[in-house]
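Just below is one structure, and these are the notes that go with it.
The values are calculated or read from the model by the stated rules, or taken from the named source; none is laboratory data. Remember, predicted model here, so these are calculated numbers, not experimental data. Here Cβ is always computed from backbone atoms with ideal geometry, including for glycine, and neighbour counts include all displayed protein chains.
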Amino acid sequence: MEQAGLRDAAALVGRARRVVVFTGAGMSAESGVPTFRDALTGLWRRFDPQALATPEAFEDDPALVWGWYESRRRAVLSARPNAGHAAVAAIEARVPGSVVVTQNVDDLHERAGSAAPVHLHGSLFAPRCSACARPAPLPDDPTDGGPVDSRPLHGGPADGSPADSRPLPGGPADGQPVDGGSVDGPAGDGRVPPPECARCGAPVRPGVVWFGEALPEAALEAAVDAASSCDLLLTVGTSGVVYPAAEIPRVAARFGAPVIQVNPQETPLDEVCDVNLRGPAARVLPALVEAAWGVPRVS
Ligand code: BJW
Ligand code: ZN
């Protein structure tokens, strides 16, 4: 990371009053949560998105899709926010008019202290009925025998109904690398039948946005509003190839806000960026916070 770039970025952050922090999978990479498109480690290098991340895939093989997402949810439960997530929360604390807009379906921003991140692509923690959209309880956590995370932030069970107690695929144990890949359901092939909706009996689906599906209207509107009225946008760890989310930094730029990018690689968003900080989020963001406000690095 170039010192001049960091100085320029710190000057922009230091005088901003309304920052949008727009994040993608690279934000959580150093927490052990895999990205989608990185060479070697990206999920789409090992798994076919058409077979796992489309409404048609869920219709064709609900147990395969449900099992894969349960395995990823368990991997996220054993991951921890990294120093980059903490730095984002520090920016929000310093600049109260800030908004975090994330494409990530994990809950690491929340766990690092971000107040109300806007989740453009939904959440692993908000399953719902595939037919009537009723929010469904999260399945039991086999490690403690009780329902796992039902925080309302994620749209967890709103009705207090009991959690499903079926066996689930084992996520990685604490301290083991998170690869988001292995699932081993009751059939031993990664398939886990989804629970049934308590209201209509249809299969419960993961609360994420698949290819070809519309983004949650309120989230997209909040993101566009924030981007069009911010005075700085920080884009972190996204390849910027998935639309309409990738429009968010472009909207900010069109409305005149400077754009800072944190990413070890070039992306199509380079063309709207004023400052590019080429490095990993967990290293660059704490350095940026320190350079902006001279506070000790968050870790
Ligand atoms: C680091 C780092 C470190 C690594 N620090 N950085 C042709 C052209 C344009 C659009 C389309 C098209 N064909 C189809 C479309 C539309 C489609 C689309 O955009 N496709 C493109 C891929 C071509 N979009 C949609 O289908 C969307 N819906 C839609 O358009 O609806 C229309 C509609 C309207 C009305 C009614 C009905 C329909 C929906 C998109 C949903 C995306 N879903 C996913 C899966 C979510 C669930 C799940 O988790 O499984 O969302 S796909 C995946 O990509 C996920 C991510 O949120 C999203 C973005 O990925 P992200 O975060 O950028 O990750 P990567 O891996 O791509 O990049 C990581 C980056 O981090 C890299 O740059 C690294 O260098 C960097 N990095 N380590 C900092 N340590
Ligand atoms: Zn239902």
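Only one entry of D189, D225, D231 meets the criterion of being surrounded by fewer than 21 Cβ atoms within 10 Å (Cβ to Cβ) and modelled with pLDDT under 95, and that entry is D189. So is A198 part of a loop (DSSP other than H, G, I, E, B) and more than 16 Å from ligand 1 (Cβ to nearest atom) or not? Yes; evaluated as a whole, the condition is true for this residue.
Does L77 qualify as being closer than 19 Å to A281 by Cα and more than 10 Å from ligand 1 (Cβ to nearest atom)? Taking the combined requirement at face value, the residue does not satisfy it.
Among the residues of segment 202-225, write down those that are part of a loop (DSSP other than H, G, I, E, B) and either aromatic (F, W, Y) or near ligand 1 (Cβ under 10 Å from one of its atoms) (or both). Give the steps one after another, and end with the answer.
Of all residues in segment 202-225, those part of a loop (DSSP other than H, G, I, E, B) come to 202, 206-207, 209-216.
Across segment 202-225, the qualifying residues are P206, G207, V209, W210, F211, G212, E213, A214, L215.
Against the criterion of being under 24 Å from G201 (Cα atoms), away from ligand 1 (no atom under 16 Å from the Cβ) and part of a loop (DSSP other than H, G, I, E, B), P137 qualifies. Against the test of being loosely packed, with under 14 Cβ neighbours inside 10 Å and within 16 Å of ligand 2 (Cβ to nearest atom), the options E2, E59 yield a single qualifying residue, E59.
Free of Cβ contacts under 8 Å to residues at least 40 places away in the same chain, under 21 Å from L220 (Cβ atoms), in contact with a strand residue (DSSP E or B) (Cβ under 9 Å, 6 or more places away or on another chain) and surrounded by fewer than 19 Cβ atoms within 10 Å (Cβ to Cβ): does that describe A133? Don't jump to the end; show me each part of the working.
Values: free of Cβ contacts under 8 Å to residues at least 40 places away in the same chain: yes; under 21 Å from L220 (Cβ atoms): yes; in contact with a strand residue (DSSP E or B) (Cβ under 9 Å, 6 or more places away or on another chain): no; surrounded by fewer than 19 Cβ atoms within 10 Å (Cβ to Cβ): yes.
Taking the combined requirement at face value, the residue does not satisfy it.
Without any contact (Cβ under 8 Å) to a residue 60 or more places away in the chain and within 16 Å of ligand 2 (Cβ to nearest atom): is that true of G256 in this structure? Answer is no for this residue.
Hey, does segment 212-227 have a residue that's within 30 Å of P137 (Cβ to Cβ) and in contact with a Gly (Cβ under 6 Å, 6 or more places away or on another chain)? Walk me through it before giving the result.
In the first step, residues of segment 212-227 are kept if they are within 30 Å of P137 (Cβ to Cβ); the result is 212-223.
Cutting the leftovers down to in contact with a Gly (Cβ under 6 Å, 6 or more places away or on another chain) gives us none.
So far as segment 212-227 goes, no, none of its residues is within 30 Å of P137 (Cβ to Cβ) and in contact with a Gly (Cβ under 6 Å, 6 or more places away or on another chain).
Only residues that are out of contact with any strand residue (DSSP E or B) (no Cβ under 7 Å at 6 or more places or on another chain), within 13 Å of ligand 1 (Cβ to nearest atom) and not in a loop (DSSP other than H, G, I, E, B) were counted in segment 251-275, giving 1.
Looking across segment 16-32 at every residue that is surrounded by fewer than 24 Cβ atoms within 10 Å (Cβ to Cβ) and assigned to a loop (DSSP other than H, G, I, E, B), the one that is nearest to ligand 2 (Cβ to nearest atom) is identified as A25. Taking every residue in segment 14-43 that is charged (D, E, K, R) and pairing it with any residue that is modelled with pLDDT of 95 or more and outside any loop (DSSP other than H, G, I, E, B), at least 6 positions away or on another chain, the pairs with Cβ-Cβ distances below 7 Å are R18/S229; E30/G84; E30/A281; E30/A282; R37/W44.
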